[in-house]
Amino acid sequence: IENDQAGLRSPFSSPPPPDPELVKGLRPQNQSGKPQREVKNTTITRVENIYKVDLGNNVFLEMIRVPTGEFLMGEDANGVAEYERECGRYVDRDTCKRWAGWQAPQHRVRVNEFLMGRYEVTQRQWKAVMGGLPPGMVDYEAKFKGDDLPVVGVSWDEIQEFLRKIGTEYRLPSE
């Protein structure tokens, strides 16, 4: 699927192979752990592209490759007006106008390929890297604790330490 008018490629079009530097040290695998293969369906074509980062003790962090692409960021005049109307239901008009101004003008953004975590970091993954749960989770109810549940209650500094301990160049996603 391509949008010739906007000049945008669909995320479902077949991406080129990943940059070797991007995936250095990671093992390409599909969900079953077999070599990646192309999966076809009647409406889209996509390539499974999952990379596993070994965290030790048979614990892995799955990453997916987001291909290079472009998108439109921000709002056109109609979108800004709609935002101001909706915002005005909850916040004063001047604040809404200021916030709406941050969304314009609409502009094209190009993003280079990158790897991103396929899922939220689980408590099992956090413990494999950090040696235990973060202090912020100590007082949580039992229903929020479990190896396959996401880690919560972590500070920005704790996350930076987690990323540093993985030993590769990782960071939190941003806008």
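The values are calculated or read from the model by the stated rules, or taken from the named source; none is laboratory data. Everything numeric in this text was worked out from a predicted model, so none of it was measured. As a convention, Cβ positions derive from the backbone with ideal geometry for all residues, glycine included, and neighbour counts pool all protein chains shown. Keep in mind that these areas ignore ligands, DNA and RNA; they rest on the heavy atoms of the full protein, side chains included. Shrake-Rupley method; radii C 1.70, N 1.55, O 1.52, S 1.80 Å.
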> touching a residue at least 24 places away in the same chain (Cβ under 8 Å) and among the small types (Gly, Ala, Ser): does that describe residue 81?
Replying inline: no
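Is it the case, given these coordinates, that residue 112 is over 23 Å from the mean Cα position of the chain (by Cα) and open to solvent by 50 Å² or more (accessible area, probe 1.4 Å)? Break it down stepwise before answering.
Details: over 23 Å from the mean Cα position of the chain (by Cα): no; open to solvent by 50 Å² or more (accessible area, probe 1.4 Å): yes.
No; evaluated as a whole, the condition is false for this residue.
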>> Would you confirm, using the coordinates I've provided, whether residue 131 is open to solvent by 50 Å² or more (accessible area, probe 1.4 Å), within 19 Å of residue 54 (Cα to Cα) and not polar (S, T, N, Q)?
In response: yes
> Does residue 94 satisfy the condition of being open to solvent by 50 Å² or more (accessible area, probe 1.4 Å), assigned to a loop (DSSP other than H, G, I, E, B) and not small (Gly, Ala, Ser)?
Replying inline: no
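Residue by residue, here is whether (1) farther than 16 Å from residue 55 by Cβ; (2) open to solvent by 40 Å² or more (accessible area, probe 1.4 Å); (3) touching a residue at least 40 places away in the same chain (Cβ under 8 Å); (4) not charged (D, E, K, R) holds:
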| residue | (1), (2), (3), (4) |
| --- | --- |
| 137 | yes, no, no, yes |
| 145 | yes, yes, no, no |
| 148 | no, yes, no, no |
| 161 | no, yes, no, no |
| 165 | no, yes, no, no |
| 170 | no, yes, no, yes |
| 173 | yes, yes, yes, yes |
> Does at least one position in the stretch 36-44 carry a residue that is at pLDDT below 85, hydrophobic (A, V, I, L, M, F, W, C) and in contact with a Gly (Cβ under 8 Å, 6 or more places away or on another chain)?
Replying inline: no
>> Tell me whether the stretch 52-64 contains one or more residues that are among the charged types (D, E, K, R) and loosely packed, with under 11 Cβ neighbours inside 10 Å.
In response: no
>> I'd like to verify a number: residues in the stretch 112-165 that are assigned to a loop (DSSP other than H, G, I, E, B) and in contact with a strand residue (DSSP E or B) (Cβ under 8 Å, 6 or more places away or on another chain), how many?
In response: 9
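So how many residues does the stretch 117-145 have that are under 16 Å from residue 158 (Cα atoms) and of a type in the set (Asp, Glu)? Step through it out loud before you land on a result.
Keep residues of the stretch 117-145 that are under 16 Å from residue 158 (Cα atoms), which gives 120-138.
Narrowing further to those that are of a type in the set (Asp, Glu): 120.
The number of residues fulfilling the criteria is 1.
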>> Taking the conditions exactly as written (among the polar types (S, T, N, Q), open to solvent by 80 Å² or more (accessible area, probe 1.4 Å) and touching a residue at least 12 places away in the same chain (Cβ under 8 Å)), does residue 106 satisfy them or not?
In response: yes
